[in-house]
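Enquirer: Could you have a look at this structure, given as structure tokens, before my questions?
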Amino acid sequence: MKCDRCNRSAVIFQKYSSAHLCEYHLKEDIERKIKRDIRKYRMVEKNDTIAVALSGGKDSSMLLSVLHKLFSERRDISFVAISIDEGIHGYRRHTLEHADELTGTLDVTHVVKSFRDTFGADLDTMTGNGRNPCSICGVLRKNLLNRTARELGATKLAMGHNLDDEAQTILMNYLHANIDRMTRMIPENRQEGLVPRIKPLRSIPEKEVALYAITTNLPLDTSTCPYAATALRNDARNLLNNYETTHPGTKYALLTGFEKITESLKMTQTITPVRRCELCGEPTGNNKACKTCELLEHEKT
């Protein structure tokens, strides 16, 4: 099959747009969407220091590569990559090797922080009490990424969340009527103590992220985390993937619908004010202790 925009062979058929695209025009389409969202939500601004959460997988590797391509000539914009070593035996070491190779190629400073050094234990050890490993990992990763980005003087923290991730989160928030979390998803929201997060890949389907990374020959790890099967969002992922197969464009529709109600959310909803954790001083919600400290205290009992 030929590309709809030239005579090259197509590498993908976008069901949601009914377009056949070659490698060149797929990358062009992806980068156009990324640049559009960066401008729309002012994700990158003058004199920004952008910390990129880099796991070594396809999403974060592609994110760092694209941001570097778009802004490496801007002298006022700088990058630093942050990798988190959760301590997952037989998995994380390999992804960190790829992350180190990519940052070396791009000449980007690479900082690695571990659960063991920071929290006193790795994820494999913490999961011994029957708690969901993905829930533990999510809380500790978020804490450590924000803390490290702040210590490095970053003005933005870039996450490799793609369209599939965003659509799943929106659906889960709808299903649980979690308006507070949905309000926190609004790109422009800022909270004291939290380095503003940006998601330049929010409009790019996971499949297209993978194709971009592979065709660009990025050093990346394609293995799956051994704890992936325990993720609470798996039901939402499977539901959406099945629905997208028969109704192409559903994931984009969820994202578009969310964007349409953001103005109403801004006017009618207020985000839970940020407090300081009485134990560690990090940002928290209504509780006296943040989720990280609650989790670590539970591990001691």
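The values are calculated or read from the model by the stated rules, or taken from the named source; none is laboratory data. All figures in this text were calculated on a predicted structure; none of them were measured in a lab. All Cβ positions, glycine included, derive from the backbone under ideal geometry; neighbour counts span all protein chains shown. Accessible surface is based on the protein model in full, side chains and every heavy atom, while ligands, DNA and RNA are left aside. Shrake-Rupley method; radii C 1.70, N 1.55, O 1.52, S 1.80 Å.
Enquirer: With the requirement that a residue be farther than 21 Å from residue 249 by Cβ, of a type outside the set (Phe, Trp, Tyr) and open to solvent by 70 Å² or more (accessible area, probe 1.4 Å), what does the stretch 24-42 give you?
Expert: Within the stretch 24-42, 35, 39, 42 meet the criteria.
Enquirer: Collect the residues in the stretch 83-99 that are charged (D, E, K, R), open to solvent by 50 Å² or more (accessible area, probe 1.4 Å) and in contact (Cβ under 8 Å) with a residue 40 or more places away in the chain, keeping them in residue-number order.
Expert: Answer for the stretch 83-99, where residues must be charged (D, E, K, R), open to solvent by 50 Å² or more (accessible area, probe 1.4 Å) and in contact (Cβ under 8 Å) with a residue 40 or more places away in the chain: just 97.
Enquirer: Looking at 21, 64, 70, can you tell me which residue is closer than 24 Å to residue 190 by Cβ and crowded, with 19+ Cβ neighbours inside 10 Å? Explain how you work it out, then say what you get.
Expert: Numbers: 21 fails: closer than 24 Å to residue 190 by Cβ; 70 fails: crowded, with 19+ Cβ neighbours inside 10 Å.
Just one listed residue meets the conditions, 64.
Enquirer: For residues in the stretch 73-82 being open to solvent by 10 Å² or more (accessible area, probe 1.4 Å) and among the hydrophobic types (A, V, I, L, M, F, W, C), which is farthest from residue 45 (Cα to Cα)? So that I can check it myself, show each step before the final result.
Expert: Here is the first cut: in the stretch 73-82, the residues open to solvent by 10 Å² or more (accessible area, probe 1.4 Å) are 73-80.
From the residues that got through so far, the ones that are among the hydrophobic types (A, V, I, L, M, F, W, C) too are 77, 79-80.
Details: 77: 8, 79: 13, 80: 16 Å.
Only one residue fits best here, namely 80.
Enquirer: Please go through the stretch 1-29 and pick out each residue that is acidic (Asp, Glu) and part of a helix (DSSP H, G or I). It would help to see each step written out before you state the result.
Expert: Restricting attention to the stretch 1-29, the residues satisfying the condition of being acidic (Asp, Glu) are 4, 23, 28-29.
Correct list: 23, 28, 29.
Enquirer: Which of the residues spanning the stretch 13-44 are of a type in the set (D, E, K, R) and either touching a helix residue (DSSP H, G or I) at 6+ places or on another chain (Cβ under 9 Å) or under 30 Å from residue 96 (Cβ atoms) (or both)? Working first, answer last.
Expert: In the first step, residues of the stretch 13-44 are kept if they are of a type in the set (D, E, K, R); the result is 15, 23, 27-29, 31-33, 35-37, 39-40, 42.
Those that are of a type in the set (D, E, K, R) and either touching a helix residue (DSSP H, G or I) at 6+ places or on another chain (Cβ under 9 Å) or under 30 Å from residue 96 (Cβ atoms) (or both): 15, 23, 27, 29, 31, 33, 35, 37.
Enquirer: Pick from the stretch 136-171 the residues that are within 14 Å of the chain's Cα centre (by Cα) and small (Gly, Ala, Ser): which of them is surrounded by the most Cβ atoms within 10 Å (Cβ to Cβ)?
Expert: Step by step, filter the stretch 136-171, then rank; the result is 158.
Enquirer: Looking at (1) among the polar types (S, T, N, Q); (2) touching a residue at least 60 places away in the same chain (Cβ under 8 Å); (3) exposed (fewer than 13 other Cβ atoms within 10 Å of the Cβ), which is the only condition residue 216 fails?
Expert: Unmet for residue 216, out of (1) among the polar types (S, T, N, Q); (2) touching a residue at least 60 places away in the same chain (Cβ under 8 Å); (3) exposed (fewer than 13 other Cβ atoms within 10 Å of the Cβ): (3).
Enquirer: Moving on. Working only within the stretch 258-280, note down all residues that are surrounded by 12 or more Cβ atoms within 10 Å (Cβ to Cβ), out of contact with any helix residue (DSSP H, G or I) (no Cβ under 7 Å at 6 or more places or on another chain) and not charged (D, E, K, R).
Expert: The first filter runs over the stretch 258-280 and keeps only residues surrounded by 12 or more Cβ atoms within 10 Å (Cβ to Cβ), leaving 258-259, 261-262, 265-266, 269, 271-272, 274-280.
Next cut, out of contact with any helix residue (DSSP H, G or I) (no Cβ under 7 Å at 6 or more places or on another chain) only: 259, 261-262, 266, 274-276, 278.
Those that are surrounded by 12 or more Cβ atoms within 10 Å (Cβ to Cβ), out of contact with any helix residue (DSSP H, G or I) (no Cβ under 7 Å at 6 or more places or on another chain) and not charged (D, E, K, R): 261, 262, 274.
Enquirer: If you take the residues in the stretch 281-301 that are within 22 Å of the chain's Cα centre (by Cα) and not in a helix (DSSP H, G or I), which one is surrounded by the fewest Cβ atoms within 10 Å (Cβ to Cβ)? Spell out the reasoning first.
Expert: Step one: of the stretch 281-301, the residues within 22 Å of the chain's Cα centre (by Cα) are 282-285, 290-292.
Still in the running and not in a helix (DSSP H, G or I): 282-285, 290.
Values: 282: 19, 283: 17, 284: 22, 285: 13, 290: 22.
So, considering only residues that are within 22 Å of the chain's Cα centre (by Cα) and not in a helix (DSSP H, G or I), the one surrounded by the fewest Cβ atoms within 10 Å (Cβ to Cβ) is 285.
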